[in-house]
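K.L.:
Provided herewith is a single structure, encoded as structure tokens, for subsequent inquiry.
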Amino acid sequence: MSLIDANQTAIPDSVGAFLGHLAVEKGYSDATLAAYERDLIQFQVFLASRKATLAQPNSLTRDHVRGYLADLHRKGVKKSSMARKLSSLRTYFKFLLSKGLASSNPVAGVSNPKQDIRHPKALNVDQAIALMEAKVEAGPEGVRDLALAELLYGAGLRISEALNLDINDFDADSSVLRILGKGSKERLAPMGNSAVRRVNQYLDQRQAFDPEPSEQALFLGVRGGRLNRRQANRILEKMAALAGLPQGISPHTLRHSFATHMLESGADLRSVQELLGHERLSTTQRYTHLNLTRLVKVYDKTHPRAIGLSKTEKD
């Protein structure tokens, strides 16, 4: 049952048409469609409290949208989530305009909330290596867990990308993965020798999960089906504990670590952008502050002029 069916607030048919448009013409994933659906339902619930509705788009104004953002702020919703919800509304009303279902756009002129500057969390190299060499339990599950961690860190994959991998997406001979990223955009991701070795070891034991003959998923859960996100998070948490690392390490932490360590080792920003599958360079630039911090420390410790300056001169 969809969220629309489960919600008591009446949702106009245009929302279903919009979601169908995203699924068929844009090829969006089920998870992305569900996020759009939730955002529109939440906005409709807010509108109902103001005696308004999505069913009458031309009656909606910029004040309705701004009031919605203010309501989200009062509820403690993160600014990044607010921006995503606003993006969902923009896309929805753009669709209505294109289909002649609305003559005005209440989101026009509404700016995204100013985002807090947040820097990605990353492991240092020693921590990353400790995680890759965690003393997992012997057997197929342990071998799988090490292979998953190696791909997340060694290829900088999103967890969704790793879990969506099929067997045929792994090419040991060329040491590359075929990745289906955001927006169904395909890219090739190189793998290091350690990642190739770990995945090969896992493939040798994959049948121990007793998959159906038609199951093509690379990473399997205990019941033989495709490994899910919740299971993957638990795997990383367990591995972090075994490696003696701090709590809070997630699959995305390994992706952040991949990007940070690549930049620290001299990789150029454009190359890292391609490896991560970022559409915009500005997304990758979030990692440059980490590299800059390290360089400043190295400079302060080693450059003759930095070492020679007194505190007064530095001031």
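The values are calculated or read from the model by the stated rules, or taken from the named source; none is laboratory data. This one's a predicted model, so the numbers in the text were calculated from it and none came from an experiment. With ideal geometry, Cβ positions are generated from the backbone for all residues, glycine too; neighbour counts draw on all protein chains shown.
K.L.:
Looking only at residues that are among the β-branched types (Val, Ile, Thr) and outside any helix (DSSP H, G or I) in region 208-255, which one is farthest from Pro140 (Cα to Cα)?
P.N.:
Out of the qualifying residues, it is Ile249.
K.L.:
Check Asp39, Asp63 and return the single one that is touching a Ser or Thr at 6+ places or on another chain (Cβ under 6 Å) and among the charged types (D, E, K, R). Give the derivation first.
P.N.:
Working: Asp63 fails: touching a Ser or Thr at 6+ places or on another chain (Cβ under 6 Å).
Only one candidate qualifies: Asp39.
K.L.:
Would you mind finding the one in Gln247, Gln273, Gln285 that is at pLDDT 70 or above and over 24 Å from Val176 (Cβ atoms)?
P.N.:
Unique residue meeting the criteria: Gln247.
Residues checked against (1) assigned by TED's automatic domain parsing to the domain that holds Glu264; (2) assigned to a loop (DSSP other than H, G, I, E, B); (3) under 22 Å from Ala34 (Cα atoms):
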site	(1), (2), (3)
Arg84	no, no, yes
Lys94	no, no, yes
Pro106	no, yes, no
Ala134	yes, yes, no
Glu137	yes, yes, no
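K.L.:
Any residue that is more than 19 Å from Gly109 (Cβ to Cβ) and outside the structural domain of Glu186 (by TED's automatic domain parsing) - is there at least one of those in region 56-64?
P.N.:
Among the residues of region 56-64, at least one is more than 19 Å from Gly109 (Cβ to Cβ) and outside the structural domain of Glu186 (by TED's automatic domain parsing), which makes the answer yes.
K.L.:
Say whether the condition of being among the hydroxyl-bearing types (Ser, Thr, Tyr), without any contact (Cβ under 8 Å) to a residue 12 or more places away in the chain and assigned to a helix (DSSP H, G or I) is met by at least one residue in region 29-43.
P.N.:
The answer is yes, given that some residue of region 29-43 is among the hydroxyl-bearing types (Ser, Thr, Tyr), without any contact (Cβ under 8 Å) to a residue 12 or more places away in the chain and assigned to a helix (DSSP H, G or I).
K.L.:
Which is in the same structural domain as Glu37 (by TED's automatic domain parsing) and not in a helix (DSSP H, G or I), of Gly76, Gly67? Walk me through it before giving the result.
P.N.:
Numbers: Gly67 fails: not in a helix (DSSP H, G or I).
The match here is Gly76.
K.L.:
Kindly provide the set of residues from region 224-239 that are in contact with a Phe, Trp or Tyr (Cβ under 6 Å, 6 or more places away or on another chain) and either crowded, with 18+ Cβ neighbours inside 10 Å or closer than 11 Å to Leu148 by Cβ (or both), ordered by number.
P.N.:
Once the filter is applied, which keeps residues that are in contact with a Phe, Trp or Tyr (Cβ under 6 Å, 6 or more places away or on another chain) and either crowded, with 18+ Cβ neighbours inside 10 Å or closer than 11 Å to Leu148 by Cβ (or both), region 224-239 yields only Leu227.
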